[in-house]
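Asks: Please see the structure below; I have some questions.
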Amino acid sequence: MDLTCCKICPRECGADRIKHTGVCKCGSSIKVARAALHFWEEPCISGTNGSGAVFFSGCPLHCCYCQNYKINMESFGKEISVHRLSQMFLELQDNKAHNINLVSPTPYLPFICSAIDLAKPKLKIPIVYNSSGYEKIEALKELDGYIDIYLPDIKYFDPARSGKYSSAPDYFEKTAKAVLEMYRQVGKVVFDQNGILRRGLVIRHMVMPGGRHDSLEILKWIAGNLPKDDILVSIMSQYTPCHNSAQYPEINRRLTTFEYQSVVDKVREFSLTGFMQEKSAAKEEYIPPFDLKGV
């Protein structure tokens, strides 16, 4: 993939990342804000030991409510080499992580594949690709064989909402195709004897204030386009007004019980399997400290 005219993500900004950063605020080296055990993922990913989360700096999306804006928008982090990234994978494995959890990895895809290649002779735990879902098919195909578990968001169905809140009116169009490609690669969910996920697709959706109908359309699409018994769906209630959400009064609040429960009810109606977060999860302490730990 050519970093002198970067088109890794759907933005296709064409930036020469050797000379300056792209729309994602990423340049020509890997930048990481934290690498540590993380206990706030889905139970089958965090387990008892924690997920080995590597939080990358930068992001192709520009969500006005981003909870990780310090790293995604402000690009906080430390530049590291491919070799150091591979070492971090093995250090997390030594710390008994259930998996390597690549958080917002999209802009660093070429480096990540190289780091996995370096670590592979010793790496025995699954690789999780934890992304916004806003991905290009061509880029995902480069990951075929590298990723064991895909953990994408489907944030929006309505292009007006994705355009307004994330500057990406083509979000669902791109994400729907990406999720189907992810499923093609990893297939049906597979668990170990302790209920820890070893392979498969987990689709996340965070319910947003005023977004109940959008959420229902997303669930309808999932139920109609993917085998229900082969995947997991994770419905999240953790939306917290953050970053620039105050610019949009309609989302500058927490979810109501009615909004969240109506989406949970629809999950059951469609017989989708997975996880429903407790509504009390909308707390800022669920956001990890970005302190360069493990970097």
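Asks: Name the residue, out of Cys6, Cys13, that is more than 17 Å from the chain's Cα centre (by Cα), more than 30 Å from Glu278 (Cβ to Cβ) and without any contact (Cβ under 8 Å) to a residue 12 or more places away in the chain.
Replies: Values: Cys6 fails: without any contact (Cβ under 8 Å) to a residue 12 or more places away in the chain.
Being more than 17 Å from the chain's Cα centre (by Cα), more than 30 Å from Glu278 (Cβ to Cβ) and without any contact (Cβ under 8 Å) to a residue 12 or more places away in the chain holds for just one of Cys6, Cys13, which is Cys13.
Asks: Within the range 106-140, can you find the residues that are within 13 Å of the chain's Cα centre (by Cα) and within 20 Å of Ile18 (Cβ to Cβ)?
Replies: Thr106, Pro107
Asks: Give the range 118-132 a look and list any residue that's of a type in the set (Lys, Arg) and over 15 Å from Leu85 (Cα atoms), or say none.
Replies: The initial filter retains those residues of the range 118-132 that are of a type in the set (Lys, Arg), namely 120, 122, 124.
The answer is Lys124, and nothing else.
Asks: From Val103, Val128, grab the single residue that is in contact with a strand residue (DSSP E or B) (Cβ under 7 Å, 6 or more places away or on another chain) and without any contact (Cβ under 8 Å) to a residue 60 or more places away in the chain. Show your work before the answer.
Replies: Working: Val128 fails: without any contact (Cβ under 8 Å) to a residue 60 or more places away in the chain.
One residue alone meets the criteria, Val103.
Asks: Going through the range 151-178 one residue at a time, which ones are touching a helix residue (DSSP H, G or I) at 6+ places or on another chain (Cβ under 9 Å), hydrophobic (A, V, I, L, M, F, W, C) and over 24 Å from Glu42 (Cβ atoms)?
Replies: Scanning the range 151-178 gives a single hit, Ala168.
Asks: How many residues, within the range 157-184, are touching a residue at least 40 places away in the same chain (Cβ under 8 Å), over 16 Å from the mean Cα position of the chain (by Cα) and assigned to a helix (DSSP H, G or I)?
Replies: The number of residues fulfilling the criteria is 3.
Asks: Hand me the list of helices (runs of 4 or more DSSP H) wholly inside the range 23-141 holding 3 or more residues that are at pLDDT 95 or above and crowded, with 19+ Cβ neighbours inside 10 Å. Give the steps one after another, and end with the answer.
Replies: Working: elements: 43-46, 69-72, 82-94, 109-119.
Helices (runs of 4 or more DSSP H) meeting the threshold: 43-46, 82-94, 109-119.
The values are calculated or read from the model by the stated rules, or taken from the named source; none is laboratory data. Quantities reported herein were computed from a predicted structural model and do not represent experimental measurements. Methodologically, a virtual Cβ is constructed for each residue, glycine included, from the backbone with ideal geometry; neighbour enumeration extends over all protein chains shown.
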